[in-house]
1. Does anything in the range 70-85 have its amide N under 17 Å from the 7 Å Cα→Cβ label point of Arg141, and if so which residues?
2. At 0.36 nm per residue, and after removing the present C-alpha to C-alpha distance, how many nm does the segment from Gln48 to Leu92 gain when stretched out fully?
3. Between Leu165 and Ala129, what is the FRET efficiency for a Förster distance of 25 Å, r being their Cβ-Cβ separation, to the nearest 0.05?
4. Arranged from highest to lowest average of other beta-carbon atoms within 10 Å per residue, in what order do the peptides 131-140, 33-42 appear?
Amino acid sequence: MTPSAEVSPAEAVASVPDPRTGRHVPARRVGALLCAAASAGDLVVFQQNLAYGLAVSLPFLAAAVVQLALARLVWASPRTAAALSAVLVLGLLIGLQAVAVRGGAALGPRDEPLRAGPLATAALLLRLAALPCLVRALFGRGRSWAVNGLLVIGTVLWTFRLTGLLG
């Protein structure tokens, strides 16, 4: 298969073939679509948790807005900085969700511990699927920075877990 005329040779290396048409879709665009889908999931979780109050639901709205802005930025801009910032922010969002769920953040008026519902888990899985796509869209030093940033975030989370700070 040859790359489509819309895709530059550099992007053809970091692209995913579309099974229906055989044309290559840039990995950054696949990552942007996954970010937008995760954002939609977080918006639904925000709406579902609105009954517990704004303090509980606003983090989901903030995550949705940030992911939607990142998806638009990555979709529109082929620059390395856009994909790199998306990778690092998604890594932080994943880390924050892990800290909130594992740390037992209080939820609602009865202070029930936060549990990962099916929609929040689906949004998390979409964010996790977007990460490799966005890392694949990076080259050279940008990819190295992205991988190193994700390793730092993972190391901090494992350190918190091993020291008992995450419960």
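1. Correct set: 79-85.
2. Gain in length upon complete extension: 13.5 nm.
3. Details: r = 28 Å, r/R0 = 1.11.
The calculated FRET efficiency here is 0.35.
4. Output ranking for 131-140, 33-42: 33-42, 131-140.
Quick note: the coordinates plus some simple rules give every number you see, no bench work behind them. Being a predicted model, the structure only gives us computed values, none of them experimental. In this analysis, Cβ positions are derived from the backbone assuming ideal geometry, glycine residues included, and neighbour counts consider all displayed protein chains.
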